Protein chains: 2
Amino acid sequence: MAGRKQFDMETALDAAMVQFWRAGYADTSLDDLSRATGLNRSSIYSSLGDKDTLFLRCLDRYAARYGAKYDAALSRAGADPLAAVRAFFDVTLQRIADPELPDGCLIAQSVMAIPVLSPAVAAHAMQAFGFQRLRLRAALKAGRLPDEDAEAFAVHAAAVNQSLAVLSRAGASPAQLRTVVDVTIDALAHALPPRG
Amino acid sequence: MAGRKQFDMETALDAAMVQFWRAGYADTSLDDLSRATGLNRSSIYSSLGDKDTLFLRCLDRYAARYGAKYDAALSRAGADPLAAVRAFFDVTLQRIADPELPDGCLIAQSVMAIPVLSPAVAAHAMQAFGFQRLRLRAALKAGRLPDEDAEAFAVHAAAVNQSLAVLSRAGASPAQLRTVVDVTIDALAHALPPRG
DNA sequence: CACATCTTGGACCGATCAGTTCAAGATAGG
DNA sequence: CCTATCTTGAACTGATCGGTCCAAGATGTG
């Protein structure tokens, strides 16, 4: 029953991340984490740290993984602002549509829980939270959109993106979420011509 | 120390509501509720019910109170679609700007916690959650907006409205929230003319 | 003034929480 | 094969959880 580690670290971290993502920090006990990862408390503590540390690692893991997806999608989309916004939303919609993953967004949920999180965790959540808008703004600025419009587009799209997390958590279907995105893109498309 | 009730029911319910609103269901203990309301456990149980029941009452109280504010604002705004949307957002912005009240939105937070809430509470949260969009859609339909556009506007505005809760919880300033709203209204305004 | 009624404070319950400790035992190096 | 090293399972700790119970005592009625 011992000797060399009997589990894969990446798999265990993913399992812990999904558990926190589904149930939130407060409603995830060490027994839940033990069940989800297949490790017992001793192994969790020695290999993954205490609950706070582990949650921080999961938060950063989530931010890095999906942040990379946003970056890749925006880079693929190129210079057209609407294509960039569309690509941006598609990353979110794809994540939500994945039946293997919980609904919502770990970062958005963590931000909502800021008043009861430790300062360190809250700081990470807030930092990760701001990145989506900054990524999109940078992509739009790199394209052929005036800075002012890039900021406005990014603010608006990031806001709608956050709402997708709430809506999916409320049980909205992928089709309903797609409608929200389409309406948003439509509104942005109409706002574009008189300026660009 | 006893005899007739020594507290005001409405005040106590408001205090409990604010406590749940600030810290969420999971992170609110009976001691927290006791401290917030000034009542002790016995009085809470005999007068307000158990934790689940009390939370349900607070959720309904919140939905009724702010639902009424949305109704009143939309009714005051009249038939102009943009005025209606503006009035809709103003209710949210005013609530968030009130320093006496927690950031965010009790319903949005509850919806995010659905996987760990009791079925009864989850059902109430989901029902309350859908009302904003329906109120707005009804107001827009009553105005001079085609049904299809009314639905699209309502979907979009309700989504942005939800994001305001997340953003405020992340510490966004009232000015930043106002920017999100202004950008949204601007986009909707541009989407309007070619159709209406 | 006396009595029945009802609120209140605080002690108490079993369950569960995060976190610690340690012996059992599997492994790797010599 | 032997031993030092490290993981693992399980028991344990003190704190806190939601919920219950009951005596103390203030009130309204007669």
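Comparison of B:Ala63, B:Ala72, B:Ala87 shows that the only residue that is out of contact with any helix residue (DSSP H, G or I) (no Cβ under 8 Å at 6 or more places or on another chain) and in a helix (DSSP H, G or I) is B:Ala72. Of all residues in the range A:98-127, those being facing chain B (nearest Cβ under 10 Å) and aliphatic (A, V, I, L, M) number 11. One residue stands out in the range A:1-19 among those that are among the aliphatic types (A, V, I, L, M) and buried (at least 17 other Cβ atoms within 10 Å of the Cβ): the one that is farthest from the chain's Cα centre (by Cα), namely A:Ala12.
Mind listing whichever residues of the range B:148-184 are within 11 Å of B:Gly104 (Cα to Cα), under 17 Å from the mean Cα position of the chain (by Cα) and more than 9 Å from every other protein chain (Cβ to nearest Cβ)? Across the range B:148-184, the qualifying residue is only B:Ser168.
Being among the charged types (D, E, K, R) and more than 9 Å from DNA strand D (Cβ to nearest atom) is the filter here; which residues of the range A:1-52 pass it? Steps first, answer last, please.
Here is the first cut: in the range A:1-52, the residues among the charged types (D, E, K, R) are A:4-5, A:8, A:10, A:14, A:22, A:27, A:31-32, A:35, A:41, A:50-52.
A:Asp8, A:Glu10, A:Asp14, A:Arg22, A:Asp27, A:Asp31, A:Asp32, A:Arg35, A:Asp50, A:Lys51, A:Asp52, listed by residue number.
For the range A:20-41, filtered to residues that are more than 9 Å from DNA strand C (Cβ to nearest atom) and surrounded by 21 or more Cβ atoms within 10 Å (Cβ to Cβ), the residue that is nearest to the other protein chains (Cβ to nearest Cβ) is A:Gly24.
Could you list all residues from the range B:186-196 that are at the interface with chain A (Cβ under 10 Å from one of its Cβ atoms) and in contact (Cβ under 8 Å) with a residue 12 or more places away in the chain?
Selection gives B:Leu188, B:Ala189, B:Leu192, B:Arg195.
The residues listed here are B:Ala138, B:Ala154, B:Ala125, B:Ala159; of these, the one that is over 22 Å from B:Pro102 (Cα atoms), modelled with pLDDT of 95 or more and buried (at least 24 other Cβ atoms within 10 Å of the Cβ) is B:Ala154. Of all residues in the range A:39-64, those that are more than 17 Å from A:Val111 (Cα to Cα) and free of Cβ contacts under 8 Å to residues at least 12 places away in the same chain have Cβ atoms under 9 Å from Cβ atoms of residues that are of a type in the set (Asp, Glu) and within 8 Å of DNA strand C (Cβ to nearest atom), 6 or more apart or on another chain, in A:Arg41/A:Asp31.
The values are calculated or read from the model by the stated rules, or taken from the named source; none is laboratory data. Model, not experiment: these values are computed from the prediction. Note that each Cβ is placed from the backbone with ideal geometry, even for glycine, and that neighbours are counted across all protein chains shown.
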